[in-house]
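Structure first, then comments.
The values are calculated or read from the model by the stated rules, or taken from the named source; none is laboratory data. Being a predicted model, the structure only gives us computed values, none of them experimental. Using ideal geometry, Cβ is built from the backbone for each residue, glycine included, and neighbour counts are taken over all protein chains shown.
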């Protein structure tokens, strides 16, 4: 009876497990919320990200552009982006071909280094390869630190009208036009088949015999280790010698044949490229952070600043950006919201001072408040090893020109 | 407890061995042995294919997954190192017990077959990488050379020096026959790249950035830049050392059977 009950329980568990597997949805994100809040706030500030167009067919071109600022508040316990970094794109594998990528106009086929506190304008050109719906993110792979991900944009890739297979053609320096989708495969298949046939032939020779494992084990035990080699026959010697010679000839023959067929080859290429960084356009606004408080219950970050406008134009603060979340000041409609853009709080920012006049020094309080703090797990900020915040403020002069700079400092939590 | 005889066996053990030997002339017993041999082949090969796949994936995975990882310095060192440390202990056991020089060929052939299965299902069908970018390397010929060196010399020491050395030294030449096209130069955005580099750039790997590759990083830069032959010689020496070392490990593991006897 007990066994019957146990059996039913196991069956139910199995069925529930199977149902969970079958009902599970696709994994469509890239861990935007998984990283430490401090990592997202104090590493790279991504902005102006555009993915265009967002509805394409296989073979069409998609361009991803944007800017980023490397934070001067980079966590000390994390390897720095100023050492080695690679501009990448977060898509599900090679669903797109990367045709071009650049930072500040420098091609980015290789890795580079981004000094902190500078602006980098990037561009990645993709060609849709596999139909589907994808969440596309710009990504920076930082050596020994992992991936830093910008927010994603949904992209629809439809099948194209042609039934022809996808082709990716390039012309080599010797002048041959090749399709990388299938290039060299004929040789790969041929040589692999030859070697697999050789391996199987050798194994069959040794395995198809009257006395194999157990009889040979009995005989070796009887003969003892000193005489066990008597089990190896003259035929074994001859066949092994033939295989040895044939294999060696095939390896060397194949090598010299390939050398003859492809006389111009180069080693794999690597190395770092240099990128000239761009200075942050502060527009003459000097910002000192006086105090910052994170209110857990209110899901808001309150920041007190002393700001001095050294420019000759009045400035208005329009936006606070941190961890890819944009908090917009509803009083100023300058900040553009791009098509398909996520993580935007349209009225999430309040500023205690509307206009900072030229030459004026004022105390300014900015409050970035929205449920997005909770949704994107930013409340984890209070669990960080060094409680600091960082973000970008964006502001405009009277001509509508945009300026920005990074702000950051210690942050105190308010638990009640 | 039975008394031990001059040959170091008990009387019962001596009788048992005589019976075993006589059974080799018995057709019914031989038929049974053949069935057991079939089961041994099945179990052993299943174990080997799983074992080598996991071990090779963990120690030399990316070098075998991507054509743009197979450089002239590291891949010819990492691949034989990884394979020989798996091959050697099993070769010792099978040679010591049944005098069959087949393990290196079996392991490299099985690895090749299971790698193709993995590349086709996981890389090509599931994640859409072209096979031209992810085809596996082959080491079957090296396995044959290692086994044949043992079969011809009938000596683990000689096979270590000749077979182990060739196994390390010939990794690059055996694969060059089908790998050479991927090292043809291409000009891309004003930079020189090999076809393999270009494929690595174009076919996106989100978590395998360019800097992860270990390309030409070593101090083997003397002898007029003859990187490939120099690496081959060094890989051959490493092959000898690794193979010898893990044959010793095999002999040590093989000696553990005395404990199983006691348990039984």
Exercise. Hey, which of the strands (runs of 3 or more DSSP E) in the stretch A:79-192, taking only ones fully inside, have at least 3 residues that are facing chain B (nearest Cβ under 9 Å)?
Worked result: A:85-90, A:96-103, A:132-142
Seminar exercise, completed: Here the residues within the stretch A:196-205 that are touching a helix residue (DSSP H, G or I) at 6+ places or on another chain (Cβ under 7 Å) and free of Cβ contacts under 8 Å to residues at least 40 places away in the same chain are A:196, A:199, A:200, A:203, A:205
Exercise. How many of the residues making up the stretch B:65-79 are closer than 19 Å to residue B:119 by Cβ and more than 13 Å from every other protein chain (Cβ to nearest Cβ)?
Worked result: 2
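In the stretch A:223-233, is there at least one residue being without any contact (Cβ under 8 Å) to a residue 24 or more places away in the chain, under 55 Å from the mean Cα position of the chain (by Cα) and either over 30 Å from residue B:18 (Cβ atoms) or part of a loop (DSSP other than H, G, I, E, B) (or both)?
The first filter runs over the stretch A:223-233 and keeps only residues without any contact (Cβ under 8 Å) to a residue 24 or more places away in the chain, leaving A:223-233.
With the extra rule that they be under 55 Å from the mean Cα position of the chain (by Cα), the set shrinks to none.
No: zero hits.
Going by what's in this entry, would residue B:20 be described as out of contact with any strand residue (DSSP E or B) (no Cβ under 8 Å at 6 or more places or on another chain), within 11 Å of chain A (Cβ to nearest Cβ) and farther than 18 Å from residue A:207 by Cβ?
Details: out of contact with any strand residue (DSSP E or B) (no Cβ under 8 Å at 6 or more places or on another chain): yes; within 11 Å of chain A (Cβ to nearest Cβ): yes; farther than 18 Å from residue A:207 by Cβ: yes.
In short, yes.
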For this session: Report, by residue number, each residue of the stretch A:179-195 that is buried (at least 16 other Cβ atoms within 10 Å of the Cβ) and over 31 Å from the mean Cα position of the chain (by Cα).
Result: A:187, A:191, A:192, A:194, A:195
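Do we have residue A:260 as touching a strand residue (DSSP E or B) at 6+ places or on another chain (Cβ under 8 Å) and more than 7 Å from every other protein chain (Cβ to nearest Cβ) here?
So residue A:260 fails the test.
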For this session: Kindly list, by first and then second residue, each pair from a residue in the stretch A:75-93 that is over 30 Å from residue B:122 (Cα atoms) to a residue that is modelled with pLDDT under 90 and crowded, with 22+ Cβ neighbours inside 10 Å, limited to pairs with Cβ atoms under 8 Å and residues at least 6 apart or on different chains.
Result: A:75/A:38
Problem set entry | Near pairs, Cβ below 9 angstrom, 6+ apart or cross-chain, from the stretch A:371-397 (under 17 Å from residue A:408 (Cα atoms) and not assigned by TED's automatic domain parsing to the domain that holds residue A:296) to any residue that is surrounded by fewer than 23 Cβ atoms within 10 Å (Cβ to Cβ) and at pLDDT 90 or above | none
Exercise. Any chance the stretch B:46-61 includes a residue that's in contact (Cβ under 8 Å) with a residue 60 or more places away in the chain, within 11 Å of chain A (Cβ to nearest Cβ) and closer than 30 Å to residue B:171 by Cα?
Worked result: no
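Per-residue answers, yes or no, for (1) crowded, with 18+ Cβ neighbours inside 10 Å; (2) in contact (Cβ under 8 Å) with a residue 40 or more places away in the chain; (3) within 22 Å of residue B:134 (Cβ to Cβ):
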position	(1), (2), (3)
A:116	no, yes, no
A:126	yes, yes, yes
A:141	yes, yes, yes
A:145	yes, yes, no
A:166	no, yes, yes
A:177	no, no, no
Problem set entry | Pair list, Cβ under 6 Å, 6 or more apart: the stretch B:24-45 residue more than 7 Å from every other protein chain (Cβ to nearest Cβ) and assigned to a helix (DSSP H, G or I), other residue crowded, with 16+ Cβ neighbours inside 10 Å and modelled with pLDDT under 95 | B:29/B:23
Seminar exercise, completed: Going through (1) touching a residue at least 40 places away in the same chain (Cβ under 8 Å); (2) under 30 Å from residue A:132 (Cβ atoms); (3) at the interface with chain A (Cβ under 7 Å from one of its Cβ atoms) one by one, residue B:102 fails only at (2)
For this session: Output the residues belonging to the stretch A:263-299 that are away from chain B (no Cβ under 14 Å) and over 24 Å from residue A:72 (Cβ atoms).
Result: A:295, A:296, A:297, A:298, A:299
Seminar exercise, completed: A careful count of residues in the stretch A:239-253 that are facing chain B (nearest Cβ under 8 Å) and either more than 19 Å from residue A:207 (Cα to Cα) or at pLDDT below 95 (or both) gives 5
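Residues are listed down the side, and each one gets a yes or a no for (1) touching a helix residue (DSSP H, G or I) at 6+ places or on another chain (Cβ under 6 Å); (2) under 30 Å from residue A:111 (Cα atoms); (3) at pLDDT 95 or above; (4) part of a strand (DSSP E or B):
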{"residue": "A:281", "(1), (2), (3), (4)": "no, yes, yes, no"}
{"residue": "A:288", "(1), (2), (3), (4)": "no, no, yes, yes"}
{"residue": "A:297", "(1), (2), (3), (4)": "no, no, no, no"}
{"residue": "A:301", "(1), (2), (3), (4)": "no, no, no, yes"}
{"residue": "A:305", "(1), (2), (3), (4)": "no, no, yes, yes"}
{"residue": "A:330", "(1), (2), (3), (4)": "no, no, no, no"}
{"residue": "A:334", "(1), (2), (3), (4)": "no, no, no, no"}
{"residue": "A:340", "(1), (2), (3), (4)": "no, yes, no, no"}
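Within the stretch B:70-81, does at least one residue satisfy the condition of being free of Cβ contacts under 8 Å to residues at least 12 places away in the same chain and either surrounded by fewer than 23 Cβ atoms within 10 Å (Cβ to Cβ) or in contact with a helix residue (DSSP H, G or I) (Cβ under 6 Å, 6 or more places away or on another chain) (or both)?
Taking the stretch B:70-81 and keeping what is free of Cβ contacts under 8 Å to residues at least 12 places away in the same chain, we get none.
Checking the stretch B:70-81: not a single residue is free of Cβ contacts under 8 Å to residues at least 12 places away in the same chain and either surrounded by fewer than 23 Cβ atoms within 10 Å (Cβ to Cβ) or in contact with a helix residue (DSSP H, G or I) (Cβ under 6 Å, 6 or more places away or on another chain) (or both).
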For this session: Return the residue satisfying two criteria in turn: it lies in the stretch A:319-357 and is crowded, with 19+ Cβ neighbours inside 10 Å and more than 24 Å from residue A:149 (Cα to Cα), and of such residues it is nearest to the chain's Cα centre (by Cα).
Result: A:329
Problem set entry | Checklist (1) away from chain B (no Cβ under 14 Å); (2) in a loop (DSSP other than H, G, I, E, B); (3) surrounded by fewer than 18 Cβ atoms within 10 Å (Cβ to Cβ) applied to residue A:75, failing item | (3)
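Is it the case, given these coordinates, that residue B:52 is surrounded by 14 or more Cβ atoms within 10 Å (Cβ to Cβ) and on the phi < 0 side of the Ramachandran plot?
Values: surrounded by 14 or more Cβ atoms within 10 Å (Cβ to Cβ): yes; on the phi < 0 side of the Ramachandran plot: yes.
For residue B:52, the condition - surrounded by 14 or more Cβ atoms within 10 Å (Cβ to Cβ) and on the phi < 0 side of the Ramachandran plot - is met.
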For this session: For the stretch A:205-238, name all the residues that are closer than 24 Å to residue B:162 by Cβ and either in contact with a strand residue (DSSP E or B) (Cβ under 9 Å, 6 or more places away or on another chain) or more than 8 Å from every other protein chain (Cβ to nearest Cβ) (or both).
Result: A:205, A:226, A:227, A:230, A:233, A:234, A:235, A:238
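Is it fair to say residue A:199 is modelled with pLDDT of 95 or more, within 42 Å of the chain's Cα centre (by Cα) and on the phi > 0 side of the Ramachandran plot?
Values: modelled with pLDDT of 95 or more: yes; within 42 Å of the chain's Cα centre (by Cα): yes; on the phi > 0 side of the Ramachandran plot: no.
For residue A:199, the condition - modelled with pLDDT of 95 or more, within 42 Å of the chain's Cα centre (by Cα) and on the phi > 0 side of the Ramachandran plot - is not met.
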